Amino acid sequence: MEVDNTNEAKYDRKAELQAFDETKAGVKGLVDAGITKVPRIFVQPSKIEDSTIHSDKKFSFPVVDLDGIKEDPIKRKKIVQEVGHASETWGFFQVINHGIPTHVLEEMKDGVIRFFEEDTELKKQWYSRDVSKEFKYNSNFDLFGAPVTNWRDTFSATIAPIPPKPEELPSVCRDILLEYTNRVMELGATLFELLSEAIGLEPNHLKDLGCTEGLLALGHYYPACPQPEITPGTSKHADNDFLTVLLQDDIGGLQVRHQNHWVDVPPVPGALVVNIGDMLQLISNDKFNSVEHRVLANKVGPRVSMACFFTTSFLPTQRMYGPISELISEHNPPKYRETTIKEYSTYFNNKGLDGTSALLHFRL
Ligand code: OGA
Ligand code: NI
């Protein structure tokens, strides 16, 4: 009997997730096997929200040109304003002239493709759900907790504060991963200066709070999907870090929630997407917004992206984060309780991408 994968009838979801996980071949493994319908673990129970507005129609997605930022104080002032405005209103912007050469961006995307397109038997040795691993790959970090499985495989590498041992990284993307993330850390230092200034603080304020210390690099691989109308690429979520720097290819599918619409983040050659994460919303006491976003699955693929998260994630650090005292006043009382990055990350990961904001749990 043919399975109707759009039927919400009860099934042993747990067993099917387990079986999928045990293949260690991810979503790509299903596509390689030639499936023409998505297995029901990937079917979104409710209809995927529509109301997509193509950004060129109604909104223009913010683009910030970082050219001249070091030499020209007048340009810098303007850039600080643009970064501040975008962080308050969109929580997202793209940067151009960010200093990372195009060939490095291209090679990074190729590195992600090389990893996922390596022989499955070789790739399986990296398959793991152990959060303490320096490098691992799996499909859906929240596989057993989330309401719907995403059409995506991901590798993750902890880059900072403790750099990975090169021999613990896969040789097909080792060099570029180290070079690219090094450059992203440099860019991050600049972005946190701009963000500090945009909140009205000294340029080093966010760096001194430790925002630039940790980096987690995720390489995403979204295979071509036979039924993108019923399957999410990445379910809607906000990021759990301070800041994310995202490199996407030219396929598209990333959308941001803005004024009650899903707005496309248009692929711009050579640009990087920057977005505010929950932890920066928390310490800025809601001045900056960590905005919901999602990735649509696509008949065309694979799509690859590389998301670098400024966070020490599960590292046991002592530092407590709450709304920055300089921002707090009688008229702007703290909106969040203090937490550690590890506590926040653990709460976020256990909750999974269930469509709600993890920040609510920390709100006073
Ligand atoms: C993420 C994310 C978007 C993308 O990793 O949190 O939102 O385009 N990625 O892959
Ligand atoms: Ni995200």
Review point. Out of all the residues in segment 275-292, which are in contact (Cβ under 8 Å) with a residue 60 or more places away in the chain, within 11 Å of ligand 2 (Cβ to nearest atom) and over 14 Å from Ala86 (Cβ atoms)?
Key: Asp278, Glu292
Review point. Is at least one residue of segment 299-311 touching a residue at least 24 places away in the same chain (Cβ under 8 Å), touching a Gly at 6+ places or on another chain (Cβ under 7 Å) and assigned to a loop (DSSP other than H, G, I, E, B)?
Key: yes
Check your understanding: When both residues are 6+ apart or on different chains and their Cβ atoms are under 6 Å apart, which pairs have a first residue that lies in segment 317-334 and is among the charged types (D, E, K, R), and a second that is surrounded by 12 or more Cβ atoms within 10 Å (Cβ to Cβ) and part of a loop (DSSP other than H, G, I, E, B)?
Key -> Arg319/Gly210
Point to revise | Listing of strands (runs of 3 or more DSSP E) fully contained in segment 62-140 that carry 2 or more residues being modelled with pLDDT of 95 or more and touching a Ser or Thr at 6+ places or on another chain (Cβ under 7 Å) | key: 135-138
Point to revise | Single residue of Thr149, Thr158 found to be assigned to a loop (DSSP other than H, G, I, E, B) and in contact (Cβ under 8 Å) with a residue 60 or more places away in the chain | key: Thr149
Revision key, fill the gap. Residue count, segment 312-346, condition closer than 24 Å to Ser156 by Cα, modelled with pLDDT of 95 or more and aromatic (Phe, Trp, Tyr), comes to 1
Review point. Which of the residues that make up segment 236-270 are β-branched (Val, Ile, Thr), within 10 Å of ligand 1 (Cβ to nearest atom) and open to solvent by 20 Å² or more (accessible area, probe 1.4 Å)?
Key: Ile251
Review point. Applying the selection to segment 291-309, what residues are more than 11 Å from ligand 1 (Cβ to nearest atom) and out of contact with any Phe, Trp or Tyr (no Cβ under 8 Å at 6 or more places or on another chain)?
Key: Lys299, Val300
Review point. Got a sec? Which of Gly219, Gly214 is under 17 Å from the mean Cα position of the chain (by Cα), open to solvent by less than 10 Å² (accessible area, probe 1.4 Å) and within 13 Å of ligand 1 (Cβ to nearest atom)?
Key: Gly219
Check your understanding: Does segment 153-165 contain any residue that is of a type in the set (A, V, I, L, M, F, W, C), open to solvent by 40 Å² or more (accessible area, probe 1.4 Å) and within 30 Å of Lys10 (Cβ to Cβ)?
Key -> no
Exercise for review: Can you work out which of the residues in segment 181-211 that are farther than 13 Å from Phe242 by Cβ, polar (S, T, N, Q) and without any contact (Cβ under 8 Å) to a residue 24 or more places away in the chain is least open to solvent (accessible area, probe 1.4 Å)?
Suggested key: Asn204
Study note, to complete from the structure: Filtering segment 113-147 down to residues that are open to solvent by less than 50 Å² (accessible area, probe 1.4 Å), within 16 Å of ligand 2 (Cβ to nearest atom) and not acidic (Asp, Glu) yields Asn140, Ala146
Revision key, fill the gap. Apart from one, (1) in contact with a Ser or Thr (Cβ under 8 Å, 6 or more places away or on another chain); (2) not in a helix (DSSP H, G or I) all hold for Pro170; the odd one out is (1)
Revision key, fill the gap. Expected single match for away from ligand 1 (no atom under 15 Å from the Cβ), β-branched (Val, Ile, Thr) and under 30 Å from Pro226 (Cβ atoms) among Thr356, Thr346, Thr317, Thr340 is Thr356
Point to revise | Identity of the residue in segment 222-234, more than 10 Å from ligand 1 (Cβ to nearest atom) and within 23 Å of Lys351 (Cα to Cα), that ends up most open to solvent (accessible area, probe 1.4 Å) | key: Ile230
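The values are calculated or read from the model by the stated rules, or taken from the named source; none is laboratory data. Please read these numbers as outputs of a predicted model, since none were measured by experiment. Ideal geometry is used to build each Cβ from the backbone, glycine not excepted, and the neighbour counts take in all protein chains shown. Only protein heavy atoms, including side chains, enter the accessible area calculation; ligands, DNA and RNA are left aside. Shrake-Rupley method; radii C 1.70, N 1.55, O 1.52, S 1.80 Å.
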